[in-house]
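The values are calculated or read from the model by the stated rules, or taken from the named source; none is laboratory data. Everything numeric here is computed off the predicted structure, so don't read it as measured data. With ideal geometry, Cβ positions are generated from the backbone for all residues, glycine too; neighbour counts draw on all protein chains shown. The protein model used for the area step is the full one, side chains on, heavy atoms only, and it has no ligands, DNA or RNA in it. Shrake-Rupley method; radii C 1.70, N 1.55, O 1.52, S 1.80 Å.
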Amino acid sequence: MHHKPAQRKALRLTPRLVNWYAENARDLPWRRTNDPYAIWVSEIMLQQTRVTTVINYWERWMRAFPTINKLARARPEQVLKLWEGLGYYSRARNLQLAAKQIVARHNGTFPDDPEAIRSLPGIGRYTAGAISSIAFEQPEPIVDGNVIRILTRLFGLRGDPKSKPMQETLWALANQLVKATADCGALNQSLMELGATVCHPRAPQCDRCPVARSCVARREGLIHLLPAKPVRAATMKRGIQVYLITHSDRVLLQKRPEGFHNAGFWELPNDETGPARMLATDAKPLATARHTITRYRIQLQLFAVPRSKTPGEWHARDNLNAIPLTAAHRKLLRQI
Ligand code: SF4
């Protein structure tokens with residue numbers, strides 16, 4: 001058989017990666033199952049959140065919604081409640097939307113066809129590849145931040161990983177790797193795991209790396225230059241005034257409208273959604289909180305104000321823990 005150099009390299013690398021994974025994989029609850037639904041939920045949670053945080057959320061979620069059917073029938077408020085604190089709530093909404101589609105189109109059984117998987121809401125190329133390979137042992141590639149770090153270093157790729165030609169190269173390499181083995185799930189997970197536990201962004205532990213002998217970045221002293229940093233859009237600062245309007249032991253809240261960030265969550269009235277109010281600039285806030293959404297760095301300041309005509313619904317203070325509140329506003333309320 002005639003192989004191109006990258007293919008030959010893939011054939012050399014895969015057994016080392018698969019064997020390393022078998023011996024070094026962390027024992028995580030979603031790795032003890034091959035239920036595609038359970039794996040899917042873990043992959044969606046892990047997209048923006050660290051493993052240690054995800055474990056509790058995943059276990060709670062799987063207890064509340066052990067099957068796709070249960071999730072499809074759940075109240076949206078309960079779905080958001082179980083996601084509260086993980087952020088990027090469209091992920092939770094898309095999980096339920098996809099569950100409903102699976103019930104309607106596939107009788108509640110998670111599809112094993114990669115095309116059908118990719119057509120579900122909230123499932124992109126990476127997540128589809130992860131589910132196909134881990135749950136169904138299909139040779140579908142994955143490329144995410146961890147994989148980008150390993151492949152750019154291992155193959156000495158210097159381009160901006162977000163650029164189109166580099167994306168094509170990275171997907172092609174990931175594809176060659178996963179197609180060079182029968183252990184597709186283990187191979188893809190070895191890349192995730194190596195990126196998470198050994199090939200760290202700042203101080204990779206190359207002496208523990210199963211593919212160190214083949215690593216171009218290590219040989220050529222490029223580790224700290226790879227992956228190349230993309231040119232970043234500047235972050236922008238924004239201030240939001242938040243209003244505490246109370247009536248005996250109740251607080252006025254508004255629901256985030258559909259189509260906006262955090263839709264369906266409750267929050268205190270504020271000048272982002274409601275009419276701007278004139279507050280004396282020297283008024284001292286009752287509480288402050290910061291958070292970051294995409295490239296906005298937001299500072300929230302909480303002020304007590306009279307109701308006037310502010311729309312909203314009254315909620316008993318004691319009940320605030322039981323409803324889905326945006327994380328930033330919960331931070332503010334905790335301080336008072
Ligand atoms: Fe990463 Fe070091 Fe392994 Fe290269 S040798 S892939 S830099 S851990």
For the pair ARG16 and ALA104, how long in nm is the line joining their label points, each one 7 Å along Cα→Cβ?
-> 4.9
Taking all protein chains as present, what is the carbon and sulfur share of the accessible area of segment 168-320, in % to the nearest whole number, probe 1.4 Å?
-> 52
Which FRET efficiency value, to the nearest 0.05, do you get for SER90 and ARG8 by plugging their Cβ-Cβ distance into 1/(1 + (r/R0)^6) with R0 = 30 Å?
-> 0.10
Whole Å is fine, so just give me how far the alpha carbon centre of segment 185-223 lies from that of segment 85-106.
-> 33
Which of the trypsin sites (Lys or Arg not before Pro) across segment 1-47 are loop residues per DSSP, with 16 or fewer other Cβ within 10 Å?
-> ARG26
In the chain, what % of DSSP beta bridges are antiparallel (nearest 5)?
-> 60
Using a basic spin-label model with each label point 7 Å from the Cα along Cα→Cβ, how many nm lie between GLN299 and LYS162?
-> 2.6
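Based on the Cβ-Cβ distance of GLU272 and ALA74, what FRET efficiency does E = 1/(1 + (r/R0)^6) give at R0 = 22 Å, to the nearest 0.05?
0.15
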What would the Debye formula give as log10 I(q)/I(0) at q = 0.07, 0.08, 0.10, 0.14 Å⁻¹ for the alpha-carbon point model of the chain, no solvent?
-> -0.38, -0.49, -0.73, -1.14
Test item: Cα-centred dipole of the chain, Lys/Arg +1 and Asp/Glu -1 on Cβ, debye | 860
For PRO15, what is the net charge nearby, where nearby means another residue's Cβ is under 15 Å from its Cβ and Lys, Arg count +1, Asp, Glu -1?
-> +4
Whichever lysines have a C-alpha closer than 25 Å to that of LYS100, once near sequence neighbours (fewer than 8 apart) are set aside = LYS70, LYS81, LYS255
Computed lengthening from TRP314 to PHE260, 0.36 nm per intervening residue step minus Cα-Cα distance = 17.3 nm
Might you tell me the accessible area per residue for the chain, computed with a 1.4 Å probe and given in Å²?
-> 53
Relative to the first principal axis of the alpha-carbon coordinates of the chain, what is the inclination of helix 90-106, with its axis defined by its Cα atoms, in degrees from 0 to 90 and to the nearest 10?
-> 70
Counting only backbone N atoms under 15 Å from a point 7 Å out along Cα-to-Cβ of ALA234, the residues of segment 292-336 in range are 295-297
